[in-house]
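Here is the structure we will look at.
We did not get these values from a lab; they are worked out from the coordinates using the rules stated. Since the structure is predicted, the reported quantities are computational estimates derived from the model, not experimental observations. Cβ sites come from the backbone with ideal geometry, for glycine too, and all protein chains shown count toward neighbours.
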Amino acid sequence: MQLAAQPSVRRALTWLDQNTDWVTEQHIRIVEIPAPTFQETERGRYLAGLLATCGLRVHTDAVGNVIGERPGPSEGIVLLTAHLDTVFDPVREIRVQQKGRRLYAPGITDNGAGLATLVAVARALHEAGVRTGRTIVFAANVGEEGEGNLLGMRQLIQTYRPRLHAVISVDGAATDHIISKALASKRLEWSVRGPGGHSWSDFGLPNPIHALARGVARFARVPVPEQPRTSINVGEIRGGTSVNSIPAHASIKVDIRSEAPAEIERLEHALREAIQAGVEEEMAQARIKDVRLTIEVRELGVRPGGELPEDSPLLAAVRSADQFLGNRSRLERSSTDANVPLALGIPAVTLGGGGQGGGAHSLQEWYDPTGRALGLQRVLLTLLLMTGVLP
């Protein structure tokens, strides 16, 4: 690869190889700042400080994205981004625990690994004095997880779209795949309301929790195809005030994903029918017949689908980096920040930051920095192949 032979690029690659311990130290500090979706401010402030030390012009936009710009003489922009937020509810304190080579903490891989990569690449370019043809925008973005509905990425695309040449999202650790296909999804909240009452004296009133439980049981029996790959998940159920009260309100949150948009539509229709049937069954079996339950539905988020063409220069850049580094990878479909640009026809991929991880979205999430340099160098080379490097 001619690019890697350029002195400044060679210096940047060497810096990443020799400073993985520093990257891991920053990784730990980032993860120990809680950042639930919509509450990323403190972690973002820390990332802003790190990016500023890399010679970037740093600011925070209207939705909370932390942005560092590294200007190039060309009009084009390449966006390198990693999401700030985690799926976990607010906690007072996070402390990374080490057992052997593994580091354990909520969000340590998703997306502590991505944020550490963002900082590492910015620092390597700064230390090596790399000059790029296109401007690089480094962004620690908000609202990727859960009900964030890709808020930060949507804002970044809106801001930079006229000049945007490519988007590289860094999410997680793995280097054995290239996410070049966007998995479409829809997230919905269904609520059922009634008068509520005492579990003894008002027994016979229709119960919103019972109604939803009946509906969920019906929905869980709906056939879900293996091809196109599709999934359904009732991720939350809420309602009630005490064990001896008939609730006045209950709700569920549902995630539907598929490689085929038509399957999402089919399953949403099936969910609607299941909840309606559950409510009607509950009212039919209630002893008090003159009381009705009402249904409300709220759209929590829609992630669009899309796909990077096989002949895309961005895909060629990742494969060239893999070949140079001796890394083998495959194309995959997933739901990431890259969904937004891919749906708009903007070249985008999601890559891992290197190392190994597991237990994502659980309290047992872990990260092993072994092999981290490979992931860092892979992201760096892909980025520079898209920006061009000046002598």
For region 184-302, just say rounded, prolate or oblate: build the C-alpha gyration tensor, square-root its eigenvalues into a ≥ b ≥ c, call rounded for a/c under 1.5, and beyond that prolate if a/b exceeds b/c, oblate if not. prolate
How far is helix 20-31 tilted off the main Cα axis of the chain, in degrees rounded to 10, range 0 to 90? 30
Between region 302-361 and region 172-188, how many Å separate their Cα centres? 8
In percent, what relative contact order does the chain have, based on Cα pairs under 8 Å that are 6 or more apart in sequence? 24
Go through region 302-391 and name the trypsin sites (Lys or Arg not before Pro) that are in a DSSP coil and have 10 or fewer other Cβ atoms within 10 Å of their Cβ. Arg328
Expected vector for region 107-117, Karplus 3J(HN,Hα) from phi with 6.51, -1.76, 1.60 and θ = phi - 60°, integer Hz, x for Gly and Pro, equals x, 5, 9, 10, 9, x, 5, x, 5, 4, 5
Nearest 10 degrees, 0 to 90: what angle lies between the long axis of helix 261-285 and the longest principal axis of the chain (Cα atoms)? 30
Go ahead and estimate [θ] at 222 nm for the chain from helices alone: -39,500 (n - 2.57) per DSSP H run with n ≥ 4, summed, over the residue count, rounded to 500. -11000 deg cm²/dmol
Which of (i) 0.99; (ii) 1.13; (iii) 1.06 is the computed Rg/Rh (Cα atoms, Kirkwood Rh) for the structure on display? (iii)
Peptide ranges 278-289, 112-123, 136-147 listed from the most packed, as the mean C-beta count within 10 angstrom indicates: 112-123, 136-147, 278-289
Here the FRET efficiency for Asp21 versus Val234, based on Cβ atoms and R0 = 41 Å and rounded to 0.05, is 0.45
Sequence-separation-based contact order of region 184-302, relative, with Cα cut under 8 Å and 6+ spacing, percent: 46
Highest mean packing first, using Cβ neighbours within 10 angstrom, the peptides 93-105, 355-367 sort as 355-367, 93-105
Using θ = phi - 60° and the Karplus form 6.51 cos²θ - 1.76 cosθ + 1.60, what ³J(HN,Hα) does each residue of region 307-316 get, whole Hz, x for Gly and Pro? 7, 7, x, 4, 8, 5, x, 5, 5, 4
Give the angle, between 0 and 90 degrees and rounded to the nearest 10, that separates the Cα long axis of helix 208-220 from the longest principal axis of the Cα atoms of the chain. 60
Which of the lysines could be linked to Lys181 by a straight reach, that is with a Cα gap under 26 Å, when you skip same-chain ones fewer than 8 residues away? Lys253
Expected sort for 66-76, 335-345, 292-302 on mean C-beta neighbours within 10 Å, highest first, is 335-345, 66-76, 292-302
Within region 170-267, report the chymotrypsin sites (Phe, Trp or Tyr not before Pro) that DSSP leaves as loop and that have at most 16 other Cβ atoms within 10 Å. Trp200
Amide H to amide H, which residues 5 or more places from Gly301 or on other chains are under 5 Å from it, using H placed in the peptide plane? Arg187
